[in-house]
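A quick write-up on the structure given underneath.
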Amino acid sequence: MNRYLQEKVGFAVLGLAALVVVLPILVVVGVIVVRGAAGISWEFLTGMPRQGMKAGGILPAIVGTLLLTLGTALVAIPIGVGGAIYLAEYARDTWTTRLIRLAIINLAGVPSVVYGLFGLGLFVLFLQFGSSILAGSLTLAIMTLPVIISAAEEALRAVPVEFRIVSASLGGSKWQGIYHIVLPQALPGIITGILLGLLRAAGETAPILFTVAAFYLPRLPTSILDETMALPYHLYVISTQVPGMPPQISYGTALVLLTIVLSLNILATLIRAYYRRRRWW
Amino acid sequence: MFRTSARNWGEFFIVALVRVMGFSTIGFVLLIFLFLLREGLPAFWETSLDNFFGTRWYPTLGFYGTLPLLLGSVVVTLNAIVIALPLGVGTAVFVREVAPGWAREILKPLIEVLAGIPSVVLGFFGMTVLAPLVREVLGMPTGLTAFTGALVLAYMSLPTIISVAEDALDAVPKSYRDAALAMGATRWQTIWRVVVPAARSGIVTAVMLGLGRAIGETMAVMMVTGNAARMPLSWDALFRPVRTMTATIAAEMGEVAQGSTHYHVLFAIGILLFVVTFFINLSVALTLFRRQRRGGLR
């Protein structure tokens, strides 16, 4: 075969692969938006579920997911950003540092259902938090940690070393340089990483199965030791455990979950794009 | 003088704090393993090893054979990788080496959208749209099969495979490409014979990470594979229902009594999953360290 023809065929095959990857994504999002739109109404978004979830709204699940995400953020952000500062600014390349990196790669790879088992064993049973928002948030936070650390470390490392040198030359201590100079410059990247971590937490089901999620609880939680419904678990329940579910309710639930997650996703992309263009170094 | 010393103490405290936060990640891995062992180890003296690695999973009758679940995970995961590997590497090469700028601007965000779609939403789509389609096309009694699971899993591991493979291609020095082109190779020959082979180790890493993601995936797999705990050994096993380790834990943990043998066995399956993913990630970490890349990790 002529090698220029070969090139054309090769590129066409690669393009086809990309198309096969991308088209189903559009189909999935399209189907859920079109079919879910029929189920969305004010009552659906702000009402309590009724008749064994076959009617009414999904407010407790929406509130539950927002609370869990907030709880995850409160725990995972300080530890994640702190850990990233240590790795990017203080840690030298020793075997203990490598052990930390190994731990991070591992935390990122532990199956979500194993996080669920761990949360059940440690928070629910051993520490006796019971099945609660507290136990669920802590479990999700540990799962989110590696995403935030990796992204934040990358953002910190992207800040040129000159910034630190100039700060030191003006008499600033190492921490002052990090806090006043490096951190603000890395902030957009860190925020993007945080959002990407949190959207994963918001959409996860397996870690909350045994640590917080209530099957059917048509009221709002009043304390962090309460159980709560959550959107991903609710979608799982109504699509597998409840026979005769009206499709517009399951698709509507899927659409609400997808909207929350994808809007965080788009926000992260926009922040990154905006600051990348504005960056002057 | 006072200011400086207060500053030093404050700084000392803060550095200690960040250090603790960094080291906490090691603590969390140990805690996870510890609590899995604490709840899972009793399974090994409550059941015999024969029973635990047997071929029958009927917990209500006292049969805790995990082999069908293990093989179920293997069948689904391997097929997912067989589907995802060519698609993922092909897409990564297309995005990095071939696609014009505008195509890249469309492809990259879409792949990020895929990475963001919750597992349960993909599972729901797989159940309601994909499974009926599979049933029609294959003329099978049910569309909830290992194949459907592999298909969904393949797409779930694609974002990981694509982004890591892209990094690998990105790390190939430009001089390699220049040299190949200068010797008269076409762009295709350059990509196929020089760039991709040079990125080989990174592509292997991509596949390993994809494998790790796929084997641990829970919700989507549970919703589309039909969950029949039988040995997937017949020739058409791929097109029949199977049940994975992850799905078993997720489906049964809610119903078992705490401290029962069944409960301990589910944790023991968790130990198995943890150990498998640990070794996958260990091998990834080792290749990363060996490569001594330009700071940071992905």
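For the subset of the stretch B:242-255 comprising residues that are modelled with pLDDT of 90 or more and open to solvent by 20 Å² or more (accessible area, probe 1.4 Å), which member is farthest from A:L122 (Cα to Cα)?
Filtering the stretch B:242-255 for residues modelled with pLDDT of 90 or more gives B:242-253.
Adding the requirement that they be open to solvent by 20 Å² or more (accessible area, probe 1.4 Å) leaves B:243, B:251-252.
On the way: B:R243: 27, B:A251: 20, B:E252: 19 Å.
Per the stated criteria, the residue is B:R243.
Restricting to the stretch A:238-251, name every residue that is more than 10 Å from chain B (Cβ to nearest Cβ) and surrounded by fewer than 23 Cβ atoms within 10 Å (Cβ to Cβ).
Passing the criteria: A:Q241, A:V242, A:P243, A:G244, A:M245, A:P246, A:Q248.
Can you name the residue in the stretch B:11-33 that is at pLDDT below 95 and exposed (fewer than 13 other Cβ atoms within 10 Å of the Cβ) and, of all such residues, is farthest from B:I269 (Cα to Cα)?
Within the stretch B:11-33, the match that is farthest from B:I269 (Cα to Cα) is B:F12.
State the number of residues belonging to the stretch B:14-39 that are more than 8 Å from chain A (Cβ to nearest Cβ) and in contact (Cβ under 8 Å) with a residue 24 or more places away in the chain.
2
Applying the selection to the stretch B:58-94, what residues are open to solvent by 10 Å² or more (accessible area, probe 1.4 Å), in contact with a Phe, Trp or Tyr (Cβ under 7 Å, 6 or more places away or on another chain) and free of Cβ contacts under 8 Å to residues at least 24 places away in the same chain?
B:F63
Which of the residues belonging to the stretch B:197-219 are open to solvent by less than 30 Å² (accessible area, probe 1.4 Å) and either farther than 30 Å from B:R243 by Cβ or at the interface with chain A (Cβ under 8 Å from one of its Cβ atoms) (or both)?
Those that are open to solvent by less than 30 Å² (accessible area, probe 1.4 Å) and either farther than 30 Å from B:R243 by Cβ or at the interface with chain A (Cβ under 8 Å from one of its Cβ atoms) (or both): B:A199, B:G202, B:I203, B:G212, B:I215, B:G216, B:E217, B:T218, B:M219.
How about the stretch B:35-57: which of its residues are under 24 Å from the mean Cα position of the chain (by Cα) and either among the basic types (K, R) or exposed (fewer than 14 other Cβ atoms within 10 Å of the Cβ) (or both)?
Answer for the stretch B:35-57, where residues must be under 24 Å from the mean Cα position of the chain (by Cα) and either among the basic types (K, R) or exposed (fewer than 14 other Cβ atoms within 10 Å of the Cβ) (or both): just B:F53.
Give all pairs with beta carbons closer than 7 Å in which a residue from the stretch A:4-20 that is farther than 19 Å from B:L114 by Cα and of a type in the set (D, E) meets a residue that is open to solvent by 20 Å² or more (accessible area, probe 1.4 Å) and part of a helix (DSSP H, G or I); count only pairs at least 6 apart in sequence or on separate chains.
Once the first residue is farther than 19 Å from B:L114 by Cα and of a type in the set (D, E) and sits in the stretch A:4-20, its partners that are open to solvent by 20 Å² or more (accessible area, probe 1.4 Å) and part of a helix (DSSP H, G or I) give A:E7/B:R187; A:E7/B:W188.
Can you confirm whether the stretch A:255-272 contains a residue that is assigned to a loop (DSSP other than H, G, I, E, B), within 11 Å of chain B (Cβ to nearest Cβ) and either in contact with a strand residue (DSSP E or B) (Cβ under 8 Å, 6 or more places away or on another chain) or surrounded by 13 or more Cβ atoms within 10 Å (Cβ to Cβ) (or both)? Quick ask: steps written out before the conclusion?
Initial filter on the stretch A:255-272 (assigned to a loop (DSSP other than H, G, I, E, B)): none.
No - not one qualifying residue is present in the stretch A:255-272.
Among the residues of the stretch B:280-297, is any within 24 Å of B:V29 (Cβ to Cβ), open to solvent by less than 50 Å² (accessible area, probe 1.4 Å) and of a type in the set (F, W, Y)?
So far as the stretch B:280-297 goes, yes, one or more of its residues are within 24 Å of B:V29 (Cβ to Cβ), open to solvent by less than 50 Å² (accessible area, probe 1.4 Å) and of a type in the set (F, W, Y).
What are the residue pairs meeting all of these: first residue in the stretch B:102-120, first residue over 18 Å from B:L151 (Cβ atoms) and more than 7 Å from chain A (Cβ to nearest Cβ), second residue modelled with pLDDT of 90 or more and in a helix (DSSP H, G or I), Cβ atoms under 7 Å, and 6 or more apart or on different chains?
Short answer, once both residue conditions are applied: B:R104/B:V95; B:K108/B:V95.
Give the residues of the stretch A:146-175 that are more than 9 Å from chain B (Cβ to nearest Cβ) and among the charged types (D, E, K, R), sorted by residue number.
Those that are more than 9 Å from chain B (Cβ to nearest Cβ) and among the charged types (D, E, K, R): A:E162, A:R164.
For the stretch A:106-213, give me every one of the helices (runs of 4 or more DSSP H) that falls completely inside it and has 2 or more residues that are open to solvent by 30 Å² or more (accessible area, probe 1.4 Å).
Ranges flagged: A:133-158, A:161-169, A:174-177, A:183-203.
How about the stretch B:1-88: which helices (runs of 4 or more DSSP H) wholly inside it have at least 2 residues that are among the basic types (K, R)?
Filter on the stretch B:1-88 gives B:2-40.
When you scan the stretch A:21-42, do you find a residue that is more than 9 Å from every other protein chain (Cβ to nearest Cβ), open to solvent by less than 80 Å² (accessible area, probe 1.4 Å) and of a type in the set (F, W, Y), even just one?
no
The values are calculated or read from the model by the stated rules, or taken from the named source; none is laboratory data. Since this is a predicted model, take the numbers as computed values, not measurements. A quick note on method: Cβ atoms are made from the backbone with ideal geometry, for glycine too, and the neighbour counts reach across all protein chains shown. Protein only, heavy atoms only, side chains kept; ligands, DNA and RNA dropped before computing areas. Shrake-Rupley method; radii C 1.70, N 1.55, O 1.52, S 1.80 Å.
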